[in-house]
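A.B. asks: Mind having a look at this structure? Questions to follow.
Where a number appears in this text, it was derived from the coordinates with a stated rule and is not lab data. All figures in this text were calculated on a predicted structure; none of them were measured in a lab. Quick reminder, even Gly has a Cβ in these numbers, built from the backbone with ideal geometry, and neighbours come from all protein chains shown.
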Amino acid sequence: MSNRPVEDEHLRDLARLRRVRDRIDREYAQPLDVEALARGAHMSAGHFSRQFRLAYGESPYGYLMTRRIERAMALLRRGDLSVTEVCYAVGCASLGTFSSRFTELVGVPPSVYRDEAARATAGMPPCVAKQVTKPIRNREARAPSRS
């Protein structure tokens, strides 16, 4: 007995999830919600969320917020926008949620980051600054070594 139909369906699901992830990467500043993303993948919201987490290691909302925070970091490094302007520019509707998530991912509040990053990346090409300042999610952070 062959598992081919199950494998084919799994590959179709992965392709749909990849398209949704690409959409999040492109449209991070737009109002996106899990239900709409799930409809685009032809899945229920619950199934979509579970499959997305299995495929990418985080929820669709977590992935969206990480993309928004990464873009916010780039805007804050420029130094010409206020934290509120950056919050809305990356698609967040709540300054409180934006600040909390930013602090959780980056380790400092957005206003502190703006001041410190502008000095730390001065003269650095933007492509290098982006790589050097990329946020480290909690599961990616290395445990401190014990000597």
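A.B. asks: Calculate I(q)/I(0) for the stretch 1-52 by the Debye formula, one identical point scatterer on each C-alpha and no solvent, and give its log10 at q = 0.13, 0.19, 0.24 Å⁻¹ to two decimals.
C.D. replies: -0.34, -0.63, -0.88
A.B. asks: [x] 99, 48, 20; [y] 63, 45, 28; [z] 36, 31, 28: which one is Cα extents along the principal axes in Å as calculated from this entry?
C.D. replies: Computed from the coordinates, Cα extents along the principal axes in Å corresponds to [y].
A.B. asks: Given an 8 Å cut-off on Cα distances and at least 6 residues of separation, report the relative contact order of the chain as a percent.
C.D. replies: Normalised by residue count, the contact order of the chain is 18 percent.
A.B. asks: Which of the peptides 86-99, 60-73, 7-20 is most tightly packed, and how do the rest follow, judged by the mean count of other Cβ atoms within 10 Å per residue?
C.D. replies: 60-73, 86-99, 7-20
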